[in-house]
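Before any comments, here is the structure.
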Amino acid sequence: MMPEMNGFEFIRAYRKESDMPIILLTAKLEESDKVIGLEFGADDYITKPFGIRELVARIHTVMQRAGLIPHPSSRLQIGDIVLDRDSHSIMVGLRPVHLTPSEFDLLALLMNAPGRVFTRLDLLEDLQGTSFEGVARTIDVHIRNLRTKIEADPANPHYIETVFGIGYRFIGN
């Protein structure tokens with residue numbers, strides 16, 4: 001049976017057994033409580049009220065720092081296409097390709113999940129957020145432009161496939 005201990009003592013005891021990240025969620029607003037929690041081994045300290053997006057972002061950051069989620073690579077390569085997020089550049093084979101910011105983001109999204117089918121609405125929301133003002137067919141224009149720029153034969157695409165009645169997927173091998 002475990003002896004009775006306060007939350008901070010529990011963190012210290014838990015730290016001896018595990019290196020799993022600890023995030024404290026509390027209504028205590030005093031700086032001293034936050035400092036004590038962090039000194040006892042917590043990885044982060046969130047006070048109420050907090051938004052769900054903030055909570056998810058903090059969990060993701062702590063898990064990345066702990067090595068539980070790999071850091072996203074700044075470079076994606078599938079087939080002849082190399083996308084580099086850091087330099088915001090695209091190469092198809094040895095040829096640099098100039099994309100608009102929307103085309104770049106769309107290609108990065110598709111390449112990041114090869115084989116996954118995205119609906120037009122999914123793609124539009126990912127590109128413009130939940131407060132998008134465009135129409136889903138805007139994606140068709142971006143896809144057509146992307147195919148013109150990255151495909152050897154845009155009429156017979158090798159990389160971006162149309163999934164009839166649903167949307168698009170990246171299939172390059």
(message) Checking the structure you have, find out if any residue of segment 114-128 is within 19 Å of Glu151 (Cβ to Cβ), of a type in the set (S, T, N, Q), assigned to a helix (DSSP H, G or I) and at pLDDT below 95.
(response) no
(request) Could you please find all residues in segment 34-43 being under 16 Å from Ala66 (Cβ atoms), aliphatic (A, V, I, L, M) and in contact (Cβ under 8 Å) with a residue 24 or more places away in the chain? (result) Ala42
(request) Considering each of Ser73, Ser102, Ser87, Ser131 in turn, give the residue that is polar (S, T, N, Q), farther than 30 Å from Leu29 by Cα, modelled with pLDDT under 95 and within 14 Å of the chain's Cα centre (by Cα). (result) Ser73
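Okay, residues lined up against (1) closer than 20 Å to Asp140 by Cα; (2) among the basic types (Lys, Arg):
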| residue | (1), (2) |
| --- | --- |
| Pro49 | no, no |
| Arg58 | no, yes |
| Arg75 | no, yes |
| Leu83 | no, no |
| Leu94 | no, no |
| Leu107 | yes, no |
| Asn112 | yes, no |
| Arg116 | yes, yes |
(request) Filter segment 15-70 for residues that are more than 29 Å from Ala113 (Cβ to Cβ), aliphatic (A, V, I, L, M), surrounded by 13 or more Cβ atoms within 10 Å (Cβ to Cβ) and within 24 Å of the chain's Cα centre (by Cα) and give the result. (result) Ile22, Leu24, Ile46
(request) Hey, can you tell me all the residues within segment 155-173 that are surrounded by fewer than 17 Cβ atoms within 10 Å (Cβ to Cβ) and in a loop (DSSP other than H, G, I, E, B)? (result) Ala155, Asn156, Phe164, Gly165, Ile166, Ile171, Asn173
(message) Tally up the residues in segment 10-33 that are assigned to a loop (DSSP other than H, G, I, E, B) and touching a residue at least 24 places away in the same chain (Cβ under 8 Å), please.
(response) 3
(message) Please pick out the residue among Ile59, Ile69, Ile46 that is hydrophobic (A, V, I, L, M, F, W, C), assigned to a strand (DSSP E or B) and without any contact (Cβ under 8 Å) to a residue 60 or more places away in the chain.
(response) Ile46
(request) Please tell me if Ile46 is within 19 Å of Phe10 (Cβ to Cβ) and not small (Gly, Ala, Ser). (result) yes
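The values are calculated or read from the model by the stated rules, or taken from the named source; none is laboratory data. As the structure is a computational prediction, the values presented were derived from the model and not from experiment. In this analysis, Cβ positions are derived from the backbone assuming ideal geometry, glycine residues included, and neighbour counts consider all displayed protein chains.
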